[in-house]
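Presented below is the structure to which this report refers.
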Amino acid sequence: MSRIRTALAGLTVAAVAVLAAASPASAHDALVSSTPAAGEQLAAAPEQIVLTFSNTLIAVEEEADGTAVVVADESGRDWAAGDPVVDGDTVTVPLEEGMPAGSYRVTWQVVSSDGHPTSGEYDFTVAGETASDGPSAPADEPTADEPSPAATDPAAQDAGTPWPLIGLGVLLLAAAATLMTIAARRRR
């Protein structure tokens, strides 16, 4: 009977440790807003791209593992005019002048506050003439109550969920419950 109690206690401690270790790892920072916004149609080309995330980012300048932003037109030309600048939870990248009307895809990669890279993409359209000297016209800008589509993408949000660890924790809890049932039956 004492062996069963010892095994049960060990399984319970292991299950709690696995589940406790799994929860912080699943929280990558998410894109909460962007300027221009996803799907936005602008009258004139923007001067810069501004991405705002759910937490303070880690500034890493090595493009392979760090912060990168590409603003590509339909032919694949990158209109980013410089390196992205990380300031807390915001990434800003200037754009070249003379962007023609058309569709643009913003592809981004950042390093979350938990140290893991996260990435995503969205599109916007320039409907008017080439780049203007003024700011772009706001349209359907996401608010704090209404996050951008990239922020609500379940695939992006679940990318860091440690399902194998959670599964192991569930199995350990099931084993503990089985041992408790066996111990209770032996007492009868």
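Results, tabulated for the structure shown:
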quantity	calculated
Test: residue in region 47-63 that is open to solvent by less than 60 Å² (accessible area, probe 1.4 Å), at pLDDT 65 or above and part of a loop (DSSP other than H, G, I, E, B)	yes
Unmet requirement for Gly88, which otherwise passes all of (1) in contact (Cβ under 8 Å) with a residue 12 or more places away in the chain; (2) small (Gly, Ala, Ser); (3) under 12 Å from Arg105 (Cα atoms)	(3)
Count - residues of region 100-115 that are exposed (fewer than 14 other Cβ atoms within 10 Å of the Cβ) and either touching a residue at least 60 places away in the same chain (Cβ under 8 Å) or under 18 Å from Val69 (Cβ atoms) (or both)	1
Unmet criterion (only one of (1) surrounded by fewer than 18 Cβ atoms within 10 Å (Cβ to Cβ); (2) more than 30 Å from Val126 (Cα to Cα); (3) at pLDDT below 65) for Ala22	(1)
Candidate set: region 88-99, residues that are more than 17 Å from the chain's Cα centre (by Cα) and surrounded by fewer than 15 Cβ atoms within 10 Å (Cβ to Cβ); chosen: the one farthest from Gly66 (Cα to Cα)	Gly98
Selection within region 91-141 - at pLDDT 95 or above and among the polar types (S, T, N, Q)	Thr92, Ser103, Thr107, Thr125
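The values are calculated or read from the model by the stated rules, or taken from the named source; none is laboratory data. Since the structure is predicted, the reported quantities are computational estimates derived from the model, not experimental observations. Backbone-built Cβ (ideal geometry, glycine too); neighbour counts: all protein chains shown. We work out accessible area using only protein heavy atoms, side chains counted, and drop any ligands, DNA or RNA first. Shrake-Rupley method; radii C 1.70, N 1.55, O 1.52, S 1.80 Å.
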